[in-house]
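The values are calculated or read from the model by the stated rules, or taken from the named source; none is laboratory data. Just so you know, these numbers come straight off a predicted model, no measurement behind them. Using ideal geometry, Cβ is built from the backbone for each residue, glycine included, and neighbour counts are taken over all protein chains shown. Just so you know, the surface numbers come from the protein's heavy atoms only, side chains and all, with ligands and any DNA or RNA stripped out. Shrake-Rupley method; radii C 1.70, N 1.55, O 1.52, S 1.80 Å.
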Amino acid sequence: MPERKHGLTYADSGVDIDAGNALVERIKPAVRATRRPGADGEIGGFGGLFDLKAAGFADPVLVAANDGVGTKLKVAIEAGRHDTVGIDLVAMCVNDLVVQGAEPLFFLDYLATGRLDTEQAAAVIGGIAEGCRMAGCALIGGETAEMPGLYAGGDYDLAGFAVGAAERGTLLPSDDVAEGDVLLGLASSGVHSNGFSLVRRIVADAGLGYDDAAPFAAGESLGAALLAPTRIYVRPVLEAIRGTHGIKALAHITGGGFPDNLPRALPAAFAAEVELDAIAVPPVFGWLAEAGGVAEAEMLRTFNCGIGMVLVVAAGQAAQVAAVLQKAGETVTTLGRVVPRRDAGVVSRGRLAL
């Protein structure tokens with residue numbers, strides 16, 4: 001064994017504590033920008049604090065959610081674009097909170113990598129902070145883990161944890177979902193953060209690189225187009241919930257699409273009848289279906305196909321709810337209605353315009 005003049009250090013094994021500390025200092029301004037009533041502390045402590053009373057809640061029920069970004073991260077890594085996947089991370093969590101009628105309050109992130117690249121990590125966490133600002137929640141802490149040998153060079157993974165609250169008695173779904181209630185769909189911003197293992201397979205089979213021109217989006221690279229961040233529906237949906245009292249249930253359309261997610265929002269006795277030809281399908285989904293030879297049923301169960309959130313609304317208030325959402329900037333589609341369930345939880349009419 002060769003003689004060492006000096007003993008090994010943690011840095012020699014691939015973990016740079018100084019880089020981690022520098023990252024914390026660098027991201028503090030972005031984190032400060034997410035402050036809201038109830039959260040005004042600095043990051044860097046052993047735990048993040050949130051004051052529910054200062055946030056204005058009298059008798060709150062807490063709602064928690066966690067999620068990741070999936071293999072969309074591989075697209076970000078290969079395309080060298082890291083500033084939007086943090087928005088995806090927040091969106092996947094806070095959209096799950098708002099479907100239960102909860103206001104997102106605070107968020108924590110976990111970033112794991114083989115070797116900490118401060119520029120890359122700062123871009124990722126900057127996106128997380130932007131997502132938190134969009135959702136109105138505070139980024140109160142997180143963890144950056146440098147684990148050489150577990151992740152290949154340049155690779156990283158993300159996990160997010162969000163906590164929200166609603167006053168007792170206001171949680172969704174409500175217990176008055178009925179036959180004839182209207183389904184309103186909110187447009188997605190693209191693929192969002194589901195199905196990217198299939199997306200990547202289609203891109204590879206097509207012989208394309210992420211720097212190539214997107215076949216479905218003029219003037220954009222394929223990587224930039226696919227990395228369009230998941231839409232955050234929190235503020236418009238909360239405005240519609242509080243301003244109309246006509247929303248009975250919601251479904252966040254993630255992995256599993258309509259078939260798996262819509263039944264989760266409905267009592268067992270009911271199904272969702274969806275008019276597929278009412279959906280304005282974004283071009284990316286048509287390209288994926290054609291380039292990959294993906295059948296309509298598989299598209300519907302893998303992707304959002306243009307609808308990222310579905311609301312179950314009392315028929316007499318559908319127009320009012322739609323107007324509030326449209327004023328807040330959402331594109332609203334009348335998708336169908338609630339019907340008695342006979343077999344499947346979702347009954348599809350017509351065809352997608354793929």
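May I ask which residue of 236, 151, 132 lies farthest towards the positive end of the charge dipole of the chain, with charges of +1 (Lys, Arg) and -1 (Asp, Glu) on Cβ and the Cα centre as origin?
Positive-end residue among those listed: 236.
Using DSSP to define loop residues, name the GluC sites (Glu not before Pro) in the stretch 174-265 whose beta-carbon has at most 14 other beta-carbon atoms within 10 Å. It would help to have the intermediate numbers written out before the result.
On the way: sites: 179, 220, 239; in loops: 179, 220.
Loop-located and lightly packed - 179, 220.
Full-extension gain between residue 170 and residue 242, please, as 0.36 nm times their residue separation minus the C-alpha to C-alpha distance. Before the final figure, lay out each step's value.
Working: separation 72, 0.36 × 72 = 25.92 nm, distance 0.99 nm.
Length difference between fully extended and current span is 24.9 nm.
Assigning unit charges at the beta carbon (Lys, Arg +1; Asp, Glu -1) and nothing else, what dipole magnitude in debye, to the nearest 20, does the stretch 16-148 show about its Cα centre? Could you put the intermediate results ahead of the total?
Details: 11 positive and 19 negative charges, 53 e Å.
It comes to approximately 260 debye.
Modelled label-to-label distance, residue 343 and residue 291, 7 Å Cα→beta-carbon offset: nm?
A separation of 3.5 nm, rounded to one decimal place.
Could you tell me the relative contact order of the chain? Use alpha-carbon pairs under 8 Å, at least six residues apart, and round to a whole percent. Display every interim value, and only then the final one.
Working: 749 pairs, mean separation 73.8, N = 354.
That works out to 21 percent.
To the nearest 20 debye, what is the magnitude of the charge dipole of the chain about its Cα centre, counting +1 on the Cβ of each Lys and Arg and -1 on the Cβ of each Asp and Glu? Show your work: numbers first, answer last.
Details: 28 positive and 42 negative charges, 121 e Å.
That gives a dipole near 580 debye.
7 Å from Cα along Cα→Cβ at both residue 49 and residue 278: what's the point-to-point distance in nm?
Distance between the two pseudo-spin positions: 4.9 nm.
What percent does the relative contact order of the stretch 199-354 come to when contacts are Cα pairs within less than 8 Å and at least six residues apart? Write down the numbers at each step before the final one.
Details: 223 pairs, mean separation 52.7, N = 156.
Reported as a whole number, the value is 34 percent.
Any idea of the accessible area per residue across the chain, 1.4 Å probe, to the nearest Å²? Could you put the intermediate results ahead of the total?
On the way: 16070 Å² over 354 residues.
Heavy-atom SASA per residue in the chain reads 45 Å².
Which stretch or stretches of the stretch 135-155 have amide N atoms under 18 Å from the point lying 7 Å from residue 11's Cα along the Cα→Cβ direction?
Under 18 Å, as judged by backbone N against the label point of residue 11, lie 146-148 of the stretch 135-155.
In nm, to one decimal, how far is the modelled label at residue 40 from the one at residue 189, with both set 7 Å along Cα→Cβ?
With each label point 7 Å from Cα toward Cβ, the separation is 3.0 nm.
Can you list the equivalent-ellipsoid semi-axes of the chain, largest first and in whole Å, using the square root of 5 times each Cα gyration tensor eigenvalue?
Details: eigenvalues 281, 149, 49 Å².
Rounded to whole Å, the semi-axes are 37, 27, 16.
Are there GluC sites (Glu not before Pro) in the stretch 36-143 that DSSP puts in a loop and that have at most 14 other Cβ atoms within 10 Å, and which ones? Provide the component values of the computation, followed by the final result.
On the way: sites: 42, 78, 119, 130, 143; in loops: 42.
When the GluC sites (Glu not before Pro) of the stretch 36-143 are filtered for loop state and at most 14 Cβ neighbours within 10 Å, 42 remain.
Roughly speaking, to the nearest percent, how much of the chain's 1.4 Å accessible area is carbon and sulfur? Walk me through the intermediate numbers first.
Working: 8110 of 16070 Å².
Carbon and sulfur together cover 50 percent of it.
Past the 17 angstrom mark, what percentage of all C-alpha to C-alpha distances in the stretch 279-354 do you count?
Numbers: 1569 of 2850 pairs.
Tail fraction, whole percent: 55.
Identify, among 112, 55, 98, the residue whose Cα sits farthest towards the positive end of the charge dipole of the stretch 44-188, taking +1 on the Cβ of Lys and Arg and -1 on the Cβ of Asp and Glu, with the dipole about the Cα centre.
In the stretch 44-188, that residue is 112.
Order of 162-171, 226-235, 21-30 by packing, highest average Cβ count within 10 Å first? Don't jump to the answer; show the numbers that get you there.
Working: 162-171: 18.5, 226-235: 23.5, 21-30: 14.9.
Going by the mean number of other Cβ atoms within 10 Å, highest first, we get 226-235, 162-171, 21-30.
From the Cα gyration tensor of the stretch 162-228, with a ≥ b ≥ c the square roots of its eigenvalues, which class applies: rounded if a/c is under 1.5, or else prolate if a/b is larger than b/c, or else oblate? Mind dumping the intermediate values first?
On the way: a/c = 3.23, a/b = 2.55, b/c = 1.26.
Cα axes put the stretch 162-228 in the prolate bin.
What does the helix-only formula give at 222 nm for the chain: each DSSP H stretch with n ≥ 4 adding -39500 (n - 2.57), the total divided by the residues, and the result rounded to the nearest 500 deg cm²/dmol?
Values: 11 runs with 114 residues, N = 354.
Estimated from H runs of four or more residues: -9500 deg cm²/dmol.
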